[in-house]
Structure formats: structure tokens, C-alpha cells
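Here's the structure we're looking at; comments come further down.
The values are calculated or read from the model by the stated rules, or taken from the named source; none is laboratory data. Keep in mind it's a predicted model, so treat the numbers as computed, not measured. Cβ sites come from the backbone with ideal geometry, for glycine too, and all protein chains shown count toward neighbours.
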Amino acid sequence: MTHTLDITKEHCPMTFVKTKLKLAQIAEGDILEVLLTDGEPLNNVPRSATEQGFKVLDISKVEGNIHKVTIQK
Amino acid sequence: MAETKKLSLIAFSGEFDKLTAVFTLATGAAAVGYEVNIFFTFWGLDAIKQKKGRSFVGGNWLTKMFGFMMGGLHVTPTSRFNFCGIGPKIFRSLMRKNNVATLEELVEAATALGVNLYACEMAMHVLGLQQSDFIHEVKDTLGVATFLELSEGGRTMFI
């Protein structure tokens with residue numbers, strides 16, 4: 001199952017907090033697509049997801065400074 | 001073996017801005033996989049009181065008076081620009097307007113992320129507070145020795 005989370009309007013630390021809480025909610029094997037802005041969220045959300053044992057499948061640019069990070073639990 | 005990432009914070013200050021710093025660090029660290037401990041002592045205990053406004057919590061008339069003056073999370077003053085309590089209201093409104101998490105939202109996120117909250121036994125004794133005066137997420141009442149043991153091997157900050 002694929003879930004979506006938009007954190008483009010969030011600021012530190014809620015960018016990480018919302019991602020972490022959403023990843024905790026979804027089932028093992030589910031996909032989470034996170035919409036985020038470049039800078040701190042783009043640099044660190046995929047890195048911390050990988051460090052915590054999640055699989056970052058893809059990072060792609062959506063438009064402007066918005067990117068989509070696809071994470072598998 | 002991977003090194004355990006651990007952050008232990010000593011929340012000594014009871015001011016709105018400093019508590020915001022405590023909970024920003026705590027939630028951010030917990031969200032990126034750190035084990036986080038917060039040890040609340042003295043003025044910092046105001047952040048975890050069940051009664052979030054002003055109430056006479058304490059053991060005797062003097063500590064009850066202190067409890068009333070110190071208050072809880074909703075009435076914490078700012079360390080600068082407090083303006084008799086208007087300052088925190090202005091900051092809260094600025095934070096909401098700019099989509100930045102407020103102190104209350106950060107506390108809620110910290111408990112949702114499983115941040116370990118501890119209260120200082122000595123300060124509680126001085127201020128006549130019991131563990132039942134605190135929110136139920138407070139795991140335990142500790143002294144220095146246990147805090148040092150808990151924080152061993154990680155980073156510690158005093159705010």
C-alpha cells in the first residue's frame with residue numbers, strides 16, 4: 001500500500017517528526033511518498049530514514065523546490 | 001556493532017523559549033533515531049505538571065504559593081520580552097502564523113515519539129511535588145546517579 005505525506009509547509013523538527021510518526025503507523029513493506037522541500041528536509045529525511053533501517057527507493061524532483069522521497073518500510 | 005545514538009537533556013529552565021529549545025532538540029533527535037532522555041529539574045518541572053495553568057500544587061502553604069507563581073506549561077514566561085505574560089502569547093501566535101510547532105505541539109510530539117521524561121527527586125522534594133502532580137508520561141523520579149547512568153555513552157546538554 002502507498003501512503004503520502006506532505007511536509008512542504010513544515011519546519012524543523014516537525015519535518016522529521018511527522019515522517020517518523022507516519023513511518024511508525026504504516027505496515028511493514030508499505031511505501032511512503034514524502035513531499036518535501038530542498039535544503040534541510042531533502043538532505044536529512046532520506047539519510048535518517050536509511051539510518052533507521054528504512055529503504056529509500058527514489059528521490060525525484062516534482063516542481064520548483066519540491067521533491068518526492070519514496071521510502072519503503 | 002553500531003554506536004547507540006543517545007541525547008540526554010537537563011531541562012532546568014522553566015521559560016517558554018528555553019523549553020521550546022529542549023523539546024525541539026528532543027523531538028528532532030527522537031525522530032532521527034536517537035534515544036532521548038529529558039531530566040526535568042527545578043523551574044523545568046513546570047513543563048511536565050498536569051495542571052498547565054496556575055494552581056496551588058505543593059506540600060505546604062509556602063510550596064503551594066510557589067506552585068501557583070511558577071504555574072504550568074501554558075503560563076511559562078519568555079526569558080526576554082515577557083511583557084507581563086503577553087510575550088509568550090505573541091510568540092505562540094508568530095509560531096502558528098509561520099507554521100512552526102508550538103511548545104504544546106512539541107511536548108505532544110515528544111510523548112508520541114517515546115522520549116523518556118524524568119523528574120528530579122530533589123527538586124520535587126524542595127517544591128513539595130509528587131509524581132502524581134506530573135503528566136502520566138513521566139516515567140520515573142530520579143537522582144543524579146541514575147541520570148548519569150542513563151546518559152552514559154551519549155551527549156548531554158543543560159538548558
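Quick look at the numbers
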item: Scan of segment B:110-159 for residues that are acidic (D, E) and either part of a helix (DSSP H, G or I) or crowded, with 20+ Cβ neighbours inside 10 Å (or both), ordered by number; result: B:E121, B:D133, B:E149
item: Only listed residue being surrounded by fewer than 22 Cβ atoms within 10 Å (Cβ to Cβ), more than 20 Å from B:T20 (Cβ to Cβ) and touching a residue at least 12 places away in the same chain (Cβ under 8 Å), chosen from B:F91, B:F66; result: B:F66
item: Segment B:1-38, residues that are modelled with pLDDT under 95, in contact with a Gly (Cβ under 7 Å, 6 or more places away or on another chain) and more than 12 Å from chain A (Cβ to nearest Cβ); result: B:T4
item: Cβ-Cβ under 6 Å pairs, at least 6 apart or on other chains, segment A:47-59 side more than 9 Å from chain B (Cβ to nearest Cβ), far side loosely packed, with under 13 Cβ neighbours inside 10 Å and outside any loop (DSSP other than H, G, I, E, B); result: A:V56/A:T50
item: Residue list for segment A:6-37, restricted to those being within 13 Å of chain B (Cβ to nearest Cβ), under 11 Å from the mean Cα position of the chain (by Cα) and closer than 21 Å to A:K61 by Cα; result: A:D6, A:I7, A:T8, A:T15, A:F16, A:K18, A:T19, A:V34, A:T37
item: Leading residue by the ranking (nearest to the other protein chains (Cβ to nearest Cβ)) among those in segment B:70-117 that are in contact with a Lys or Arg (Cβ under 8 Å, 6 or more places away or on another chain), over 19 Å from A:K9 (Cα atoms) and among the aliphatic types (A, V, I, L, M); result: B:L113
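Conditions tested, residue by residue: (1) in a loop (DSSP other than H, G, I, E, B); (2) of a type in the set (S, T, N, Q); (3) free of Cβ contacts under 8 Å to residues at least 12 places away in the same chain; (4) at negative phi.
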site	(1), (2), (3), (4)
B:S8	no, yes, no, yes
B:A21	no, no, no, yes
B:V36	no, no, no, yes
B:L45	no, no, no, yes
B:G53	yes, no, no, yes
B:P77	yes, no, no, yes
B:F81	yes, no, yes, no
